[in-house]
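Undergrad: Got a structure for you, questions after.
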Amino acid sequence: MAIPGLALLVVGLIGFAINAIAEAGQTPYERSVLAFKGNVSTGQDLFEANCSACHGTEAKGWVGPNLEEVKERKSDLQLIRQVTRGETPPMPKFELNEKQMADLLSYLKSI
């Protein structure tokens, strides 16, 4: 029984280390976004105004990819970076304040 317990401990420590490394690499902007509780409705309005031209009004893709269940493919931090850095051309960079980004993130996680 000691070996399975040790294995669980090691797996837990590895997970903790990965999260710590990811958090250490966060910018103040990213930490601030993650601290806000976003509003899905406001996020949807932001999406419709800024994102729907490429991702479609229902986020099912058009020029940009389908974003349904994007939370299953990307972490919150990856989504923030994708939106603010435009990491995948032709995705442009968007300059949203922390609250707006939190709202958009909440919407993206809801679809």
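Undergrad: Pairs only if they're at least six apart or on different chains, beta carbon under 7 angstrom, first in segment 34-62 and among the hydroxyl-bearing types (Ser, Thr, Tyr), second open to solvent by less than 70 Å² (accessible area, probe 1.4 Å) and part of a helix (DSSP H, G or I); list them, first residue then second.
TA: Here the result reads THR42/ASP103, each pair linking segment 34-62 to a residue that is open to solvent by less than 70 Å² (accessible area, probe 1.4 Å) and part of a helix (DSSP H, G or I).
Undergrad: While we're here: Looking only at segment 39-86, filter to residues that are small (Gly, Ala, Ser) and outside any loop (DSSP other than H, G, I, E, B); which one of those is nearest to LYS99 (Cα to Cα)?
TA: If we take residues in segment 39-86 being small (Gly, Ala, Ser) and outside any loop (DSSP other than H, G, I, E, B), then GLY43 is nearest to LYS99 (Cα to Cα).
The values are calculated or read from the model by the stated rules, or taken from the named source; none is laboratory data. All values derive from a computational prediction rather than experimental measurement. Every residue, glycine among them, receives a Cβ derived from its backbone with ideal geometry; neighbour counts consider all protein chains shown. Heads up: the accessible areas ignore ligands, DNA and RNA and are worked out on the full protein's heavy atoms, side chains in. Shrake-Rupley method; radii C 1.70, N 1.55, O 1.52, S 1.80 Å.
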